[in-house]
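Worksheet: one structure, shown below.
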Amino acid sequence: MQLLPAEPLVPHRGSMRLLDGVWTPTGDGIQAESMVTEKWPLARDGTVSPLICVELAAQAISALSTWRRGEGARPRVGLLVGIKEAEFSAARIPVKTRLIVQMGKLYQIGNYAVFQGQVRSEWACFCKITVQVMEPEEDLLSNLKAWHRT
């Protein structure tokens with residue numbers, strides 16, 4: 001397994017790109033890594049809210065989707081359409097904590113899928129989560145953007 005940079009695999013940029021790298025995905029799962037910084041959304045007083053784990057899970061799934069489309073594929077916009085379950089195990093996560101995000105696909109129907117996983121450090125599990133995601137076709141996404149502007 002090889003650690004790949006996350007930037008070419010996710011559409012997020014600036015302070016919204018939370019993942020630093022991903023381990024070469026296997027099958028329908030992925031493991032990603034990230035270092036918590038004070039520049040992250042939800043950062044306050046040297047910690048971040050564990051709600052950030054939802055975004056970490058979504059970005060890991062986005063990276064898996066891009067990787068599965070093959071070399072040279074560009075990240076596509078995906079939608080987090082539901083959080084089936086989320087169990088948070090801490091009130092805050094300290095800045096400079098190295099996080100490991102593990103997500104695996106439970107099932108997929110067309111462009112809709114359900115993933116389950118966790119966000120943890122070497123010393124604690126911060127979140128166990130099951131999410132519903134959708135990667136809409138480009139024409140549907142264009143229609144949604146047009147509808148949103150009206």
Could you list the square roots of 5 times each eigenvalue of the Cα gyration tensor of the stretch 37-114, that is, the equivalent ellipsoid semi-axes, sorted largest first and rounded to whole Å?
26, 16, 10
Close lysine pairs (the stretch 3-149; alpha-carbon distance under 26 Å; 8 or more apart or on separate chains) counted at 7
Kirkwood Rh over alpha-carbon pairs of the stretch 62-150, then Stokes-Einstein at 37 °C and 0.692 mPa s: what D in µm² s⁻¹, rounded to an integer?
217
Would you order Thr47, Thr24 from fewest to most other beta-carbon atoms within 10 Å of each residue's own beta-carbon?
Thr24, Thr47
Quick check: residue separation of Arg68 and Ile83 times 0.36 nm, minus the Cα distance between them. What number comes out in nm?
3.1 nm
Rounded to a whole number of µm²/s, how large is the Stokes-Einstein D of the chain at 20 °C and 1.002 mPa s, given Rh as the Kirkwood radius over C-alpha pairs?
136
Using +1 on the beta carbon of Lys and Arg, -1 on that of Asp and Glu, and nothing else charged, what's the dipole of the stretch 46-150 about the Cα centre, debye to 20?
240
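Laboratory data are not the source of any read-out in this text; all were calculated from the coordinates shown. Being a predicted model, the structure only gives us computed values, none of them experimental. When we count neighbours, we look across all protein chains shown, and the Cβ atoms used for this are built from the backbone with ideal geometry, even at glycine.
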